[in-house]
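The values are calculated or read from the model by the stated rules, or taken from the named source; none is laboratory data. Everything numeric here is computed off the predicted structure, so don't read it as measured data. As a convention, Cβ positions derive from the backbone with ideal geometry for all residues, glycine included, and neighbour counts pool all protein chains shown.
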Amino acid sequence: MIPYKPEPFTNFKEEANARAMREALEQVQQELGKDYPLIINGERIATEGKITSISPSDKDLVVGTTGKASKEQAEQAMQAALEAFKTWKKVSPDQRARLLFKAAAILRRRKFEFNAWLSYEAGKSWPEADADTAEAIDFMEYYGRQMMKLGERQPLVRITGEDNVLEYIPLGVGVVIPPWNFALAIMAGMTTAAVVAGNTVVLKPASATPVVAAKFVELLEEAGMPKGVVNFVPGSGAEVGDYLVDHPQTRFISFTGSREVGLRIFERSSKTNEGQIWMKRLVAEMGGKDSIVVHKDADLELAAVNIVNSAFGFSGQKCSACSRAIIHEDVYDEVLDRVVALTKELKVGNAQDPSIYTGPVIDESAYNKILEYIEIGSKEGRIAAGGAKAEGNGYYIQPTVIADVAPDARVMQEEIFGPVVAFAKAKDFDHALEIANNTIFGLTGSVFTKDRALIEKAREEFHVGNLYFNRKCTGALVGVHPFGGFNMSGTDSKAGGPDYLLLFTQSKLSSEAL
């Protein structure tokens, strides 16, 4: 077995790669508008209701349609997953891992194609789409290897006269509810982690990006995934989502999304329903309100560049994105001015254009919400850059910097999930950490300082699940930066880490007298 290492990102400055990406965009363009039915027990099932996926870069462009499941079809998917679990749980960890390696190999060969789908459906720039696809490959390569380790004989204290064995066995049927912002990576990671651990899945993809999910389920079929192990059931959260969360045969729910929806699932999943014989397990990754702290001794150019990258990569639509810049008062103006200058250089537009850095936000609802927050921010502080809609027939918003904001302002406290960063002054390093921790979230954060004592102080006191020093607060790599946060950021499940698969297994000890 080759040791795991993260998939390298594509260098689009090389003409061969740029040409391959252009060709993939043209290929995918020819496939836009197709319909993707439900997939239950390997069968394609047409539905009267449809979910229509619109490209955020062009509101007139239909990426595709998918089926829209009813409660009855959600029940069919549950029964198919239950039946498939009877045999899938008996497949060896090594065999399940090999299926993931096969799927990763197929995705690697089709990287540019999936990049193109992400560009059209999620509005991702070329590098952002490529990073999404690479992360999906990483999840499968990493989780496959992790499951093989869990399948080995586990070290126990040995005593004379007994043979003791600890095994990690699967839970059962899981409901996987992924987000739209990493429409391939997180969806694929959540799904394949559950599957490689021996569980079966009912996958309810995000309604904004169901086509990418449909394409991935087709890829799993190509890799040899047995019928019923992954069932593709797009549908309404209020109807199908609640039904599956409440179902007495649901053993676990794997969710990534907003705090509001996560708490709703947390509440519903905690209640036992008739016929339920277990406590449902919830793996939840929710929101963030992430801070970059810049001390007066920092490399200010490095800090400014990383604030911009962390705030405006993928239009700030990452739970790890920097939405709060907390700057020592002695260097506040200098850092702010540099961030404003860099922000004004960013080009906003259609994600299929390779010159674009900041593409659209995902849909009309997000578009309106972000613009409302910018209006709020204009009253709570000063618009130093951006602050308005951007041109184009998509959901385009100028990257926005709001200066001179109080720590308790709404734009410093509430998750905006868009290209908006608020600046606040700190009197000293302790004050900066106090501001950084004054949120209900605890996902990511960065500190820029050259002072070793302050780094160690932040390591102890900055209460986030992923803390970075002198680098951006986005861009966690599978196996390198296990990802998950504290407080209202979720259950700190640490996706892409060595403990993640334990969330989808239960340990069983058997002891035999010799």
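If only residues of the range 169-197 that are small (G, A, S) and assigned to a loop (DSSP other than H, G, I, E, B) are counted, the one that is nearest to the chain's Cα centre (by Cα) is A183. Among the residues of the range 50-85, those that are among the hydroxyl-bearing types (S, T, Y) and out of contact with any Leu (no Cβ under 9 Å at 6 or more places or on another chain) comprise T52, S53, S57, T65, S70. The numbered conditions (1) surrounded by fewer than 23 Cβ atoms within 10 Å (Cβ to Cβ); (2) assigned to a loop (DSSP other than H, G, I, E, B); (3) under 18 Å from the mean Cα position of the chain (by Cα) are all true for K227 except (3). Within the range 30-42, identify whether any single residue is surrounded by fewer than 21 Cβ atoms within 10 Å (Cβ to Cβ) and in a strand (DSSP E or B), and answer yes or no. Among the residues of the range 30-42, at least one is surrounded by fewer than 21 Cβ atoms within 10 Å (Cβ to Cβ) and in a strand (DSSP E or B), which makes the answer yes. When T439 is tested against (1) touching a Leu at 6+ places or on another chain (Cβ under 6 Å); (2) surrounded by 15 or more Cβ atoms within 10 Å (Cβ to Cβ), just one condition goes unmet, and that condition is (1). Restricting the search to the range 446-492, which residues are of a type outside the set (A, V, I, L, M, F, W, C) and within 20 Å of E260 (Cα to Cα)? Of everything in the range 446-492, those that are of a type outside the set (A, V, I, L, M, F, W, C) and within 20 Å of E260 (Cα to Cα) turn out to be G465, G484, G485, N487, S489, G490, T491, D492.
Just give me the residues in the range 106-132 being within 18 Å of the chain's Cα centre (by Cα) and free of Cβ contacts under 8 Å to residues at least 60 places away in the same chain, in sequence order. Answer for the range 106-132, where residues must be within 18 Å of the chain's Cα centre (by Cα) and free of Cβ contacts under 8 Å to residues at least 60 places away in the same chain: just D132.
Only one residue in I326, I397, I362 is assigned by TED's automatic domain parsing to the domain that holds V294, closer than 22 Å to E434 by Cβ and surrounded by 24 or more Cβ atoms within 10 Å (Cβ to Cβ). Which one? If you could, list the steps in order and put the result at the bottom.
Details: I397 fails: closer than 22 Å to E434 by Cβ; I362 fails: closer than 22 Å to E434 by Cβ.
Unique residue meeting the criteria: I326.
The residue of the range 481-499 that is surrounded by the most Cβ atoms within 10 Å (Cβ to Cβ), among those that are touching a Lys or Arg at 6+ places or on another chain (Cβ under 9 Å) and closer than 23 Å to M140 by Cα, is G490.
Just checking, which of S365, S355, S320 is part of a loop (DSSP other than H, G, I, E, B) and free of Cβ contacts under 8 Å to residues at least 12 places away in the same chain?
Working: S365 fails: part of a loop (DSSP other than H, G, I, E, B); S320 fails: free of Cβ contacts under 8 Å to residues at least 12 places away in the same chain.
Exactly one of S365, S355, S320 is part of a loop (DSSP other than H, G, I, E, B) and free of Cβ contacts under 8 Å to residues at least 12 places away in the same chain, namely S355.
Results for (1) surrounded by 17 or more Cβ atoms within 10 Å (Cβ to Cβ); (2) in contact with a strand residue (DSSP E or B) (Cβ under 9 Å, 6 or more places away or on another chain); (3) more than 20 Å from T474 (Cβ to Cβ), shown as yes or no for each residue.
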position: F252; (1), (2), (3): yes, yes, yes
position: T256; (1), (2), (3): yes, yes, no
position: T272; (1), (2), (3): no, no, yes
position: G287; (1), (2), (3): yes, yes, no
position: V293; (1), (2), (3): yes, yes, no
position: L302; (1), (2), (3): no, yes, no
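Could you list, in sequence order, all residues of the range 16-29 that are among the charged types (D, E, K, R) and loosely packed, with under 13 Cβ neighbours inside 10 Å?
R19, E26
Just checking, which of S254, S310 is in contact (Cβ under 8 Å) with a residue 12 or more places away in the chain, hydroxyl-bearing (S, T, Y) and assigned to a strand (DSSP E or B)? Result of the check over S254, S310: S254.
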